Amino acid sequence: MRIGIIGAGHIGGTLTRKLAALGHEVRVANSRAPETLADLAAETGATPVWAADAATDADLVIVSIPQKNVPALAPGIVAKAKDGAPVVETNNYYPQQRDGRIDAIEDGLTESGWVAEQIGSPVVKVFNGIFWKHLLERGVPAGAEGRIALPVAGDDGPGKQVVLDLVDQLGFEPVDAGSIAESWRQQPGTPVYGKDFDADGVRAALAQATPERPAEFSTQ
Ligand SMILES: NC(=O)c1ccc[n+]([C@@H]2O[C@H](COP(=O)([O-])OP(=O)(O)OC[C@H]3O[C@@H](n4cnc5c(N)ncnc54)[C@H](OP(=O)(O)O)[C@@H]3O)[C@@H](O)[C@H]2O)c1
């Protein structure tokens, strides 16, 4: 697939490495000029591009940047992707540590729902709850003992299936976590967040989640 990645840090850089190694054609961008990604490009074979060009003709787009920076993305940033291409977002809202207050999220909109509004596209939420080093190093083939499962939230349809399949290719067990309206079940502070559970563990943790925002992830 042709995959456009916006954000080249811990998660975007890790996904660039892993997806390029799987043979995907990766275009990757940060907030600066493509030249600043020369080392990552040389290491992986990915093509560094401006963020505004990352989604062009992509079969799948990934947005992986600090939540507070999402409004800085250009309007229509993912609009040039192929028709039906899913847009994955990996973001988390850390109001106290990094992002400052975002009223709509504090008022109850899911973190992914807010990203979708900002970029003007539906999104699929995955990779938000796994530490980047585990994403880099702990993928194993389907059926392997102790395979880490990852919840995938988004509207049902072919785009979501593409994302579920990609999670499997990356070495993790995809678990359908429902719609974006349900994606609060995998936000920071929930039972599944950061835990590296297997598929049964992920399903149980998603079911145990409660909707109130934990104090450490709120400014209320
Ligand atoms: N770190 C983890 O283990 C982890 C795990 C799961 C989810 N997450 C979430 O995933 C997201 C990314 O986390 P991270 O740890 O990868 O962050 P990071 O290491 O700080 O990297 C952030 C990346 O986003 C880029 N960026 C920032 N603003 C941008 C903009 N306006 N346009 C294009 N690119 C922009 C940065 O580019 P510059 O270098 O040019 O600033 C950098 O490449 C966050 O929401 C985080 O909460 C993180």
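The values are calculated or read from the model by the stated rules, or taken from the named source; none is laboratory data. As the structure is a prediction and not an experimental result, all values here were calculated from the model. Please note: Cβ atoms are built from the backbone with ideal geometry, for glycine as well, and neighbour counts cover all protein chains shown. Heads up: the accessible areas ignore ligands, DNA and RNA and are worked out on the full protein's heavy atoms, side chains in. Shrake-Rupley method; radii C 1.70, N 1.55, O 1.52, S 1.80 Å.
Looking at the chain only, what percent of DSSP beta bridges run antiparallel? Nearest 5 please.
Among the beta bridges of the chain, antiparallel pairing accounts for roughly 5 percent.
Report the residues of region 187-220 in range of a label on Glu106: point 7 Å along Cα→C-beta, backbone N strictly under 11 Å from it.
Flagged as within label range: 218-220.
Which whole-number value in Å² is the accessible area per residue of the chain, probe 1.4 Å?
Accessible area per residue: 45 Å².
Please go through region 1-108 and write out the trypsin sites (Lys or Arg not before Pro) that DSSP classes as loop and that have at most 16 other C-beta atoms within 10 Å.
Arg32, Lys80, Lys82, Arg101
Excluding Ala85 itself, calculate the net charge of residues whose Cβ lies under 11 Å from the Cβ of Ala85, where each Lys or Arg counts +1 and each Asp or Glu counts -1.
0
In a Debye calculation with equal point scatterers on the alpha-carbon sites of region 137-220 and no solvent, what is log10 I(q)/I(0) at q = 0.16 Å⁻¹?
-0.63
Residues with beta-carbon under 12 Å from that of Leu170, excluding Leu170: net charge, scoring Lys, Arg +1 and Asp, Glu -1?
0
Please list, or write none, the lysines whose alpha carbon is within less than 16 Å of the alpha carbon of Lys18, excluding same-chain residues fewer than 8 places away.
Answer for Lys18, where 16 Å is the Cα cut-off: Lys133, listed by chain and number.
For Val70, what charge total do you get from the other residues with a beta carbon under 15 Å from its beta carbon, if Lys and Arg give +1 and Asp and Glu give -1?
-1
Hey, can you grab everything whose amide H is under 5 Å from the amide H of Ile5? Only 5+ residues off in sequence or another chain; H modelled, so Pro and N-termini drop out.
For Ile5, whose amide H was placed from the backbone, the distant partners under 5 Å are Arg27, Val28, Ala29, Ile62.
Have a look at the chain and give its Rg and Dmax from the Cα atoms, expressed in angstrom.
Cα only, the chain: 16.3, 46 Å (Rg, Dmax).
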